[in-house]
Amino acid sequence: MITVNVLAACPGTSRTYPAPTQHPQRPLDVASGTRASTDLWNDLAMIIVSGTIYVEEAERDRYVQGCREMIVAARTSDGCIDFHLAADPIDRDRINVYEQWKSVEAVESFRGSGPSSEQAAAIRDAHVFQHEVASSTRL
């Protein structure tokens, strides 16, 4: 088991997940955080979670860095295709959220009960949505 921070105010709170396993289609090098390149997009229905989180400007970089272990845990979770949080290059209080999952069940299994009240308090505003995608075309 590993303990990692949970999405929505990663610094200061933690949650225990099973130890990471290698993704069957895209092996993850945990040290570098990169996956082997594989074409996963052909005829793949998926769940996309995307949006923005707003935190105090002075805390944004610490917040994102504090989420690193949680991001690694997500990327090694069964059903995760991609997962990242990124500091916005223009808005100093904005964090961009993007996740791809194989199913709603995979998202819910990883996310569990969601953020604690302490985590929710760190977020000034959030606009994050879950989308069901029936098909994708590689560009």
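The values are calculated or read from the model by the stated rules, or taken from the named source; none is laboratory data. Worth saying up front: this structure is predicted, and the values here are computed from it rather than measured. Cβ placement follows ideal geometry from the backbone for every residue including glycine, while neighbour counts extend to all protein chains displayed. Please note that ligands, DNA and RNA were not included when accessible areas were found on the heavy atoms of the full protein model with its side chains. Shrake-Rupley method; radii C 1.70, N 1.55, O 1.52, S 1.80 Å.
Selection over segment 59-82 of residues that are under 20 Å from residue 125 (Cα atoms) and open to solvent by less than 60 Å² (accessible area, probe 1.4 Å) gives a count of 5. In segment 128-139, the residue that is nearest to residue 94 (Cα to Cα) out of those that are open to solvent by 80 Å² or more (accessible area, probe 1.4 Å) and assigned to a strand (DSSP E or B) is 129.
Inspect segment 58-65 for any residue being in contact with an Asp or Glu (Cβ under 8 Å, 6 or more places away or on another chain), more than 26 Å from residue 133 (Cα to Cα) and at pLDDT 60 or above and give the result as yes or no. Yes; the residues of segment 58-65 include at least one that is in contact with an Asp or Glu (Cβ under 8 Å, 6 or more places away or on another chain), more than 26 Å from residue 133 (Cα to Cα) and at pLDDT 60 or above. Pairing each residue of segment 56-72 that is part of a helix (DSSP H, G or I) with any residue that is at pLDDT 90 or above and of a type outside the set (A, V, I, L, M), provided the two are 6+ apart or on different chains, yields C-beta distances under 8 Å for 57/92; 57/93; 60/92; 60/93; 60/94; 71/83; 71/84. Scan segment 86-122 for residues that are assigned to a loop (DSSP other than H, G, I, E, B) and modelled with pLDDT of 90 or more and report the count. Of the residues in segment 86-122, 8 are assigned to a loop (DSSP other than H, G, I, E, B) and modelled with pLDDT of 90 or more.
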